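This report refers to the structure that appears directly beneath it.
The values are calculated or read from the model by the stated rules, or taken from the named source; none is laboratory data. Small disclaimer: the values here were computed from a predicted structure and weren't measured. Glycine gets a Cβ as well: all are built from the backbone with ideal geometry, and neighbour counts include every protein chain shown.
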Amino acid sequence: MKSVFFGAVSAAALIASAVHAEPQAEVLHWWTSGGEAKSVAVLQEEFASKGGTWTDMPVAGGGGDAAMTALRARVLSGNAPTAVQLKGPAIQEWYEEGVLADISSVAEAQGWADVLPASIAGHMKCEGTWCAAPVNVHRVDWIWANADVLEANGIEMPTTWDEFNAAAEKLAAAGVIPLAHGGQAWQDATVFEAVALGILGPDGFRKAFVDLDMDTLKSDEMKAVFDQMRTMRGYVDENFSGRDWNLATAMVMNGEAAFQIMGDWAKGEFMAAGKVPGEDFLCASVPGDGFLYNVDSFAMFTVDGDDKKAGQDLLAELIVGQNFQKVFNLNKGSIPARIDVPLDEFDSCAHLSAKDMSESSDNGSLLPSYAHGMALRGAQSGAITDVVTAHFNSDMSSDEAVNMLADAVANSM
Ligand code: GAL
């Protein structure tokens, strides 16, 4: 009798502790710049206001390469973080390793399927279950400019690459650095894919960086992409090597440089510094059609403990919540992943992004960013970026570059 009694008590206690577990989360992310830190603070605050305890694990390094290395080390040592900033096909790669938690119960209770576009929802699913929660849609193919610098030099936002080059020559002659750039592989890749979208067009981009079509990778158009990269190498200052992306954005802000080609997390930096779009800085999509999307998301890793599981459920619920999607994205420079968040408090660049995203979705030119891990698995995107950065940092010809590109991709499959 006695043991049955105690057995019953401890089962009840267990259930009670599961229900009342205080949400805990150790969160791995790479949001450490001014605008990024302000954005992730929104999630930390919402989590704390619901009784959660947040342990921050920021791993500095734009684009997240260092964060992904840190993640691998943690998972291999059997000590995965509770929640991880993870996106694109890397989500499915980790799922295949058997280390992701299923967050379908939250997704279904919150009706995610009804409020997320199918293209975004697809990235968040693993064999039919929900395995990640999306926070936003960043657009990658943007040109940012210092409005005063352009005006003082009689330059309009370029609408073709020839206009861009003519503007850059004029700026250089006037003693302004035409292009603010940080020489890190992921930033080289970011500029490269924006140029590639413009020159190859949406269909060519898809063939090259989604389908990995060898003829397109070796085509004359791809040579023209490398030619333009070589031209642009002449528009960056001599100290570009290793510079962080947000320091390049600061060069545009303070008028040292005129342009930056970067995703709209750069807008988060302008906004965090109190700059006004249309007045202090200008935004335009790069010359050419199409829209390169980069959706940030969080995946939950398999962990022990009711408090951590409660933390994962709470995080997933908050991330896709309407209020979070608005406030976070106002700071981050992106637009909400949810389709039902009113955009009236958002600026003109965000409105342009939302309009272009919907048009490109209708006409088939909405494309995943290869440089930001949305289009390809790590081995393939890494192989492409190695070639892009080797070309940008040497005197390699465009002929050599396309041959090397085709070989690298073939060897990565
Ligand atoms: C991207 C990420 C953005 C932004 C950027 C620079 O890959 O999606 O949210 O943080 O890196 O760190």
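Overview of values
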| read-out | value |
| --- | --- |
| Subset of the range 268-279 that is of a type in the set (D, E, K, R) and touching a residue at least 60 places away in the same chain (Cβ under 8 Å) - its residue that is surrounded by the fewest Cβ atoms within 10 Å (Cβ to Cβ) | E279 |
| Qualifying residue in the range 248-262 (condition: within 16 Å of the ligand (Cβ to nearest atom) and in a loop (DSSP other than H, G, I, E, B)) | yes |
| Neighbours by Cβ (under 7 Å, 6+ apart or cross-chain): first from the range 35-55, under 25 Å from G263 (Cβ atoms); second among the aliphatic types (A, V, I, L, M) and away from the ligand (no atom under 16 Å from the Cβ) | L43/L318; E46/L318 |
| From G288, G311, residue being buried (at least 20 other Cβ atoms within 10 Å of the Cβ) and farther than 26 Å from T129 by Cβ | G288 |
| Residue list for the range 35-61, restricted to those being closer than 21 Å to G268 by Cβ, small (G, A, S) and in contact with a Gly (Cβ under 8 Å, 6 or more places away or on another chain) | G35, S39 |
| A189, sole failed condition from (1) under 19 Å from A408 (Cα atoms); (2) within 16 Å of the ligand (Cβ to nearest atom); (3) surrounded by fewer than 20 Cβ atoms within 10 Å (Cβ to Cβ) | (3) |
| Helices (runs of 4 or more DSSP H) contained entirely in the range 270-368, each with at least 2 residues that are under 30 Å from A196 (Cβ atoms) | 322-332, 348-363 |
| Some residue of the range 336-345 being farther than 29 Å from E108 by Cβ, away from the ligand (no atom under 16 Å from the Cβ) and out of contact with any Gly (no Cβ under 6 Å at 6 or more places or on another chain) | yes |
| Enumeration of residues in the range 53-82 that are assigned to a loop (DSSP other than H, G, I, E, B), touching an Asp or Glu at 6+ places or on another chain (Cβ under 9 Å) and among the β-branched types (V, I, T) | T82 |
| Any chance Q260 is assigned by TED's automatic domain parsing to the domain that holds A337 and either surrounded by fewer than 19 Cβ atoms within 10 Å (Cβ to Cβ) or at pLDDT 95 or above (or both) | no |
| Among residues of the range 33-50, those that are in contact with a helix residue (DSSP H, G or I) (Cβ under 8 Å, 6 or more places away or on another chain) and either more than 16 Å from the ligand (Cβ to nearest atom) or in the same structural domain as A248 (by TED's automatic domain parsing) (or both), counted | 3 |
| Residues within the range 228-283 that are over 18 Å from the mean Cα position of the chain (by Cα) and farther than 14 Å from E36 by Cα, tallied | 35 |
| Residues of the range 210-247 satisfying the condition of being within 16 Å of the ligand (Cβ to nearest atom) and aromatic (F, W, Y) | W245 |
| The lone exception for W161 - which of (1) touching a Ser or Thr at 6+ places or on another chain (Cβ under 8 Å); (2) surrounded by fewer than 21 Cβ atoms within 10 Å (Cβ to Cβ); (3) among the aromatic types (F, W, Y) it fails | (1) |
| Entirely in the range 148-241, the helices (runs of 4 or more DSSP H) that have 1 or more residues that are closer than 13 Å to F259 by Cα | 161-173, 185-209, 220-233 |
| Pairs where the first residue, in the range 322-334, is within 23 Å of V276 (Cβ to Cβ) and assigned by TED's automatic domain parsing to the domain that holds F298 and the second is surrounded by fewer than 21 Cβ atoms within 10 Å (Cβ to Cβ) and polar (S, T, N, Q), C-beta under 8 Å, 6+ apart | none |
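Condition check ((1) of a type outside the set (K, R); (2) in contact (Cβ under 8 Å) with a residue 12 or more places away in the chain; (3) under 18 Å from L179 (Cβ atoms); (4) out of contact with any Asp or Glu (no Cβ under 6 Å at 6 or more places or on another chain)) across all residues:
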{"position": "A266", "(1), (2), (3), (4)": "yes, yes, yes, yes"}
{"position": "F281", "(1), (2), (3), (4)": "yes, yes, yes, yes"}
{"position": "S285", "(1), (2), (3), (4)": "yes, yes, yes, no"}
{"position": "D304", "(1), (2), (3), (4)": "yes, no, no, yes"}
